[in-house]
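Here is the structure we will look at, set down as structure tokens.
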Ligand SMILES: Cc1cc2nc3c(=O)[nH]c(=O)nc-3n(C[C@H](O)[C@H](O)[C@H](O)COP(=O)(O)OP(=O)(O)OC[C@H]3O[C@@H](n4cnc5c(N)ncnc54)[C@H](O)[C@@H]3O)c2cc1C
């Protein structure tokens, strides 16, 4: 997790779920979702996965120091809660796709959204569900939570759901036509969710919202 502080007296106006483009010298920008909700904006919170061979994420994990300065553009994107709808919501995150969904759920709780919400969080192994306690904590506020691991390690001693996260949704819901679905993270998960939820479960195309965490284009 990376916390950014804006210069004194500056505030970023954003919608929960939007992202920033981090600007790097002589390189294409790198996109990262804001993981905090707008009501809680003393710091901007980013959840960064360390990518093998990734220029920027390597810099964050290995080189960056406290109080270093980053430049960014934003807020960007259309992955935010449609507040004029009263449909029940299914959230599907893979890995650090948790970040914008955390922002949206914290925002929804803050403004008192009463729509039923079910949050699925998929990852390979237990350690990849890096804020499991927070997600479990939301259950007390009525948000159903289903963690799903695809490659749990023996030492994880995982007793929960296994397989692909979008498959868990397909297994649990035979009809998605009355729902809205918000999906975020690995492009393969976002694509599979969109394809199968619309083709096999009757989810209207316009009720599917997503951000696919694609790599920055090569320079
Ligand atoms: C809207 C949006 C929001 C995002 N939010 C987050 C977030 O909250 N958290 C998060 O962890 N990530 C997020 N991402 C993903 C993140 O922006 C990328 O992973 C980014 O490229 C990482 O930068 P890097 O410099 O570390 O890696 P890069 O230098 O960009 O690339 C990493 C590695 O991938 C390889 N690579 C590059 N392009 C491709 C390709 N097309 N196919 C296969 N391999 C390739 C490179 O050779 C390199 O080895 C988001 C992406 C988008 C589009």
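Rule-based calculations on the coordinates, nothing more; no lab input. For clarity, every value in this text was computed on a predicted model and none was experimentally measured. Here the Cβ is made from the backbone with ideal geometry for all residues, glycine too, and neighbour counts use every protein chain on show.
So, by mean Cβ neighbours within 10 angstrom, what's the order for 114-121, 29-36, 135-142, 197-204 with the highest one leading? Walk me through the numbers on the way to the answer.
Numbers: 114-121: 18.6, 29-36: 23.4, 135-142: 12.6, 197-204: 16.4.
With the highest mean Cβ count within 10 Å placed first, the list reads 29-36, 114-121, 197-204, 135-142.
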How many angstrom lie between the Cα centre of the range 151-203 and the Cα centre of the range 1-70?
28 Å
Can you give the Rg and Dmax of the chain based on its C-alpha atoms, in angstrom?
17.4, 51
Given a Förster distance of 35 Å, the FRET efficiency implied by the Cβ-Cβ spacing of residue 132 and residue 6, rounded to the nearest 0.05, works out to 0.75
Can you compute the helix-only [θ] at 222 nm over the chain? Use -39500 (n - 2.57) per DSSP H run of at least 4 residues, normalise by all residues, nearest 500 deg cm²/dmol.
-6500 deg cm²/dmol
Taking every DSSP bridge whose two residues both lie in the chain, the antiparallel percent to the nearest 5 is 30 percent
Hull shadow area, averaged, the range 138-211 [alpha-carbon convex hull, nm²]:
5.9 nm²
Principal-axis tilt of helix 98-111 within the chain, Cα atoms, nearest 10 degrees
70 degrees
Calculate the length of the line joining the C-alpha centroid of the range 121-139 to that of the range 80-119, in whole Å.
15 Å
Mean Cβ neighbour count within 10 Å, used as a protection proxy, ranking 170-177, 102-109, 72-79 highest first:
102-109, 72-79, 170-177
Grab the eigenvalues of the alpha-carbon gyration tensor for the range 2-76, scale each by 5, take roots, and send me the semi-axes largest first in whole angstrom.
21, 13, 12
Longest principal axis of the chain (C-alpha) makes with the long axis of helix 187-201 (C-alpha) an angle, in degrees to the nearest 10, of 20 degrees
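Compute the convex hull volume of the Cα atoms of the range 89-212, divide it by the residue count, and report the result per residue in Å³ as a whole number. Present the calculation step by step, with values, prior to reporting the outcome.
Values: hull volume 12.0 nm³, N = 124.
Per-residue hull volume (Cα only) is 97 Å³.
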Paramagnetic reach from residue 198 in the range 161-190 [backbone N under 20 Å; point 7 Å along Cα→Cβ]
165-171, 173-190
